[in-house]
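Please read the structure below before turning to the comments.
The values are calculated or read from the model by the stated rules, or taken from the named source; none is laboratory data. Just so we're clear, the structure is a prediction, and the values are computed from it rather than from any experiment. Cβ placement follows ideal geometry from the backbone for every residue including glycine, while neighbour counts extend to all protein chains displayed. Remember, those area values only see protein heavy atoms, side chains included, never the ligands or the DNA or RNA. Shrake-Rupley method; radii C 1.70, N 1.55, O 1.52, S 1.80 Å.
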Amino acid sequence: MKKIIVILFLLVGVIHSAIAQSVVSLELNGFIQAIENVHYLAKIKVTKVEVTVQDDGLEKQVYFADVLDTYKGEFHKKINYEMLVEQGEDIVFNSTPVYVALCINSTGNYYWPGTGSEFKLSTAIDLWLAENKEKLINMDTVEGWCK
């Protein structure tokens, strides 16, 4: 009976480890894909959000943030970026730092290209950024998400 419990314990440990690695891999792959498809990548801390209702039924949410670190694009101490959403959509905003991948429009304003452009801080992303930071600064953008 003890052997069965030990085997089950080991099996659960192996499965848990495999699932955790898979989640980290998916998260990192999504992060790398975002970097390749946008103009700007930074670690930010959102400080406020302003909302205006537009005539077309959308809301323009403008996020203001302190830039903690820039990985791709022009360096800033503070930044703001626009997000167009349906009226009444919740504003997601707290003081926890996040990574954002942003596009730049023809007038030079930053905007959020859509889902998959904001990432929670994680050890996997931090390690990847530490290893690749110099490459990112001058990295070409495919601009797939910024059309």
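Would it be correct to say that residue 50 is at pLDDT 90 or above, of a type outside the set (Val, Ile, Thr), assigned to a strand (DSSP E or B) and within 17 Å of the chain's Cα centre (by Cα)? It is false that residue 50 is at pLDDT 90 or above, of a type outside the set (Val, Ile, Thr), assigned to a strand (DSSP E or B) and within 17 Å of the chain's Cα centre (by Cα). In this entry, residue 73 is excluded by the filter for residues that are in contact with a Gly (Cβ under 7 Å, 6 or more places away or on another chain) and closer than 11 Å to residue 38 by Cβ.
Residues of the stretch 68-79 being part of a strand (DSSP E or B) and within 19 Å of residue 145 (Cβ to Cβ), which ones?
Residues of the stretch 68-79 part of a strand (DSSP E or B): 68-72, 78-79.
Scanning the stretch 68-79 gives 70, 71, 72, 79.
Within the stretch 53-66, being among the acidic types (Asp, Glu) and outside any loop (DSSP other than H, G, I, E, B) holds for 59, 66.
Conditions tested, residue by residue: (1) without any contact (Cβ under 8 Å) to a residue 60 or more places away in the chain; (2) open to solvent by less than 60 Å² (accessible area, probe 1.4 Å); (3) under 15 Å from the mean Cα position of the chain (by Cα).
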{"site": "89", "(1), (2), (3)": "yes, no, no"}
{"site": "110", "(1), (2), (3)": "no, yes, yes"}
{"site": "114", "(1), (2), (3)": "yes, yes, yes"}
{"site": "121", "(1), (2), (3)": "no, no, yes"}
{"site": "128", "(1), (2), (3)": "no, yes, yes"}
{"site": "134", "(1), (2), (3)": "yes, no, no"}
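Residues checked against (1) in contact with a strand residue (DSSP E or B) (Cβ under 9 Å, 6 or more places away or on another chain); (2) in a strand (DSSP E or B):
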{"residue": "82", "(1), (2)": "yes, yes"}
{"residue": "90", "(1), (2)": "no, no"}
{"residue": "94", "(1), (2)": "yes, no"}
{"residue": "100", "(1), (2)": "yes, yes"}
{"residue": "107", "(1), (2)": "no, no"}
{"residue": "116", "(1), (2)": "yes, no"}
{"residue": "124", "(1), (2)": "no, no"}
{"residue": "127", "(1), (2)": "no, no"}
{"residue": "135", "(1), (2)": "no, no"}
